[in-house]
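The values are calculated or read from the model by the stated rules, or taken from the named source; none is laboratory data. Nothing here was measured: the structure is a model prediction, and the numbers come from that model. Cβ atoms come from the backbone with ideal geometry, glycine included; neighbour counts cover every protein chain shown.
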Amino acid sequence: MKKSRPFLIILAVVSIIIVISIFIHLNYFENIRNNVRTVSKLEGNETIRILNQNLNLSGYEIDFESIYTGGNQSIVRVSLTQGNSREHYLVDLKSEKVRKRS
(Lines give C-alpha, C1' and ligand atoms only; values in the text may rest on other atoms or scores of the structure.)
Protein backbone atom coordinates (compact mmCIF):
# COMPACT_ATOMS: atom_id res chain seq x y z
CA MET A 1 0.00 0.00 0.00
CA LYS A 2 2.77 2.43 0.86
CA LYS A 3 4.62 1.59 -2.37
CA SER A 4 1.63 2.39 -4.57
CA ARG A 5 1.11 5.92 -3.18
CA PRO A 6 4.25 7.49 -4.82
CA PHE A 7 3.33 5.75 -8.06
CA LEU A 8 -0.17 7.25 -7.97
CA ILE A 9 1.22 10.72 -7.25
CA ILE A 10 3.65 10.47 -10.18
CA LEU A 11 0.88 9.15 -12.43
CA ALA A 12 -1.42 12.03 -11.43
CA VAL A 13 1.28 14.65 -12.11
CA VAL A 14 2.10 13.14 -15.52
CA SER A 15 -1.61 13.01 -16.38
CA ILE A 16 -2.07 16.68 -15.49
CA ILE A 17 0.95 17.67 -17.59
CA ILE A 18 -0.38 15.73 -20.59
CA VAL A 19 -3.85 17.31 -20.31
CA ILE A 20 -2.38 20.83 -20.05
CA SER A 21 -0.11 20.14 -23.02
CA ILE A 22 -3.06 19.00 -25.15
CA PHE A 23 -5.03 22.18 -24.32
CA ILE A 24 -2.03 24.38 -25.18
CA HIS A 25 -1.59 22.66 -28.56
CA LEU A 26 -5.31 22.91 -29.38
CA ASN A 27 -5.28 26.63 -28.54
CA TYR A 28 -2.15 27.16 -30.69
CA PHE A 29 -3.65 25.48 -33.76
CA GLU A 30 -6.96 27.30 -33.26
CA ASN A 31 -5.10 30.65 -33.34
CA ILE A 32 -3.31 29.66 -36.57
CA ARG A 33 -6.60 28.60 -38.15
CA ASN A 34 -8.15 31.95 -37.25
CA ASN A 35 -5.23 33.87 -38.83
CA VAL A 36 -5.22 32.00 -42.17
CA ARG A 37 -7.64 33.15 -44.88
CA THR A 38 -7.91 33.53 -48.65
CA VAL A 39 -6.02 36.26 -50.51
CA SER A 40 -8.00 39.37 -51.45
CA LYS A 41 -7.67 41.10 -54.83
CA LEU A 42 -5.66 43.99 -53.34
CA GLU A 43 -3.26 41.62 -51.56
CA GLY A 44 -2.93 39.59 -54.75
CA ASN A 45 -1.95 42.68 -56.74
CA GLU A 46 0.58 43.66 -54.08
CA THR A 47 2.02 40.13 -54.13
CA ILE A 48 2.38 40.20 -57.93
CA ARG A 49 4.15 43.57 -57.70
CA ILE A 50 6.64 42.21 -55.14
CA LEU A 51 7.21 39.03 -57.16
CA ASN A 52 7.84 41.08 -60.33
CA GLN A 53 10.53 43.07 -58.51
CA ASN A 54 12.36 39.89 -57.46
CA LEU A 55 11.59 37.26 -60.12
CA ASN A 56 10.96 36.96 -63.85
CA LEU A 57 7.31 35.91 -64.04
CA SER A 58 7.00 35.61 -67.82
CA GLY A 59 5.38 32.30 -68.75
CA TYR A 60 4.32 31.43 -65.19
CA GLU A 61 0.80 30.85 -63.96
CA ILE A 62 0.34 32.36 -60.48
CA ASP A 63 -1.83 30.52 -57.93
CA PHE A 64 -2.52 32.22 -54.59
CA GLU A 65 -2.96 29.61 -51.86
CA SER A 66 -3.60 31.51 -48.61
CA ILE A 67 -2.46 34.39 -46.44
CA TYR A 68 -1.32 34.28 -42.81
CA THR A 69 -1.86 37.51 -40.88
CA GLY A 70 -0.44 37.32 -37.40
CA GLY A 71 1.26 39.93 -35.30
CA ASN A 72 3.01 42.33 -37.65
CA GLN A 73 3.26 39.88 -40.57
CA SER A 74 1.21 39.23 -43.67
CA ILE A 75 2.63 36.21 -45.47
CA VAL A 76 1.12 35.02 -48.76
CA ARG A 77 1.66 31.46 -50.05
CA VAL A 78 2.09 31.46 -53.84
CA SER A 79 2.60 28.68 -56.41
CA LEU A 80 4.21 29.49 -59.74
CA THR A 81 3.46 26.90 -62.44
CA GLN A 82 5.18 26.63 -65.81
CA GLY A 83 4.45 23.46 -67.76
CA ASN A 84 5.07 20.52 -65.42
CA SER A 85 7.24 22.43 -62.95
CA ARG A 86 5.84 24.11 -59.87
CA GLU A 87 7.69 26.40 -57.48
CA HIS A 88 6.32 27.52 -54.12
CA TYR A 89 7.11 30.89 -52.55
CA LEU A 90 6.25 32.82 -49.41
CA VAL A 91 5.86 36.57 -49.91
CA ASP A 92 5.98 38.86 -46.87
CA LEU A 93 3.83 41.89 -47.70
CA LYS A 94 5.11 44.02 -44.81
CA SER A 95 8.85 43.71 -45.51
CA GLU A 96 8.36 42.99 -49.25
CA LYS A 97 10.59 39.90 -49.20
CA VAL A 98 10.24 36.68 -51.19
CA ARG A 99 11.32 33.33 -49.73
CA LYS A 100 11.31 30.02 -51.57
CA ARG A 101 9.56 27.15 -49.82
CA SER A 102 11.11 23.73 -49.91
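Within region 1-56, if we keep just the residues that are polar (S, T, N, Q) and over 25 Å from the mean Cα position of the chain (by Cα), the residue that is modelled with the highest pLDDT turns out to be S15. Can you say whether S85 is out of contact with any strand residue (DSSP E or B) (no Cβ under 7 Å at 6 or more places or on another chain) and not hydrophobic (A, V, I, L, M, F, W, C), as far as the supplied structure shows? Yes. What are the residues in region 82-102 that are farther than 20 Å from S40 by Cα and hydroxyl-bearing (S, T, Y), if any? Residues satisfying the conditions are S85, S102.
For the criterion of being over 25 Å from E30 (Cβ atoms) and modelled with pLDDT of 90 or more, S79 passes.
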